[in-house]
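Bear in mind that the values in this text are calculations on the coordinates, not laboratory data. Because the structure is predicted, anything quoted here is derived from the model rather than measured.
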Amino acid sequence: MARILIGVMGPGESATVDENMTAYTLGQAIAQQGWGLLTGGRAVGVMAAASTGAQASNGWVVGILPDADDTQMSAAVDIAIVTGMGQGRNVINVLSSHVVIACGLGPGTLAEMALALKLGKPLILLNIHPEIAEMLSTLSTTPIAIASTVEAAIAQTQTFLSQ
């Protein structure tokens, strides 16, 4: 059986301090569950924070990089997938994740959330604006959950994985 990969999607350069702190804690919690972490792989924002958190808890990290090389890769990525696809790599991010957790909001994150809905992947919205969460919920025909803490996001991930 394939190992479990949890995708954490969130803003890069525009990530707030709070989003990065939450992503770090989320990365730690994912690693503590024995799951792998999948991110966009770059050394900025939520991607870097979640990856660093996972590594701090002896987890493993897959980074799906947008460029044709690994020059922007986070040092906390264990397995780099170099795509040369730019934002098109978001499809790989979503399809390769057993569950997608959105942590923060940016245009790329919104695209990944929409792809999760379109491709039927369970989606957890962690600290996402209520208006965005409501809109996505009305569009969803697949599992979607709203979490306000890392602990709630992990509990919901466990629920999705058991279904």
### Query
How long is the gain from T138 to M21 if the chain were fully straight, where each residue apart is worth 0.36 nm and the alpha carbon distance is subtracted?
39.2 nm
### Message
I'm checking a number: the convex hull volume of the Cα atoms of the range 71-163, normalised per residue, in Å³. What is it?
### Response
113 Å³
### Query
Per residue Cα convex hull volume for the range 1-157, in cubic angstrom?
97 Å³
### Summary
Distance in Å, no decimals, from the C-alpha centre of the range 105-157 to the one of the range 42-97 is 20 Å
### Query
Each residue of the range 17-30 in turn: what ³J(HN,Hα) in whole Hz from Karplus with 6.51, -1.76, 1.60 and θ = phi - 60°, glycine and Pro shown as x?
4, 4, 4, 5, 5, 5, 4, 4, 5, 5, x, 4, 5, 4
### Query
Taking the DSSP beta bridges in the chain as the whole, what percent of them are antiparallel, to the nearest 5?
5 percent
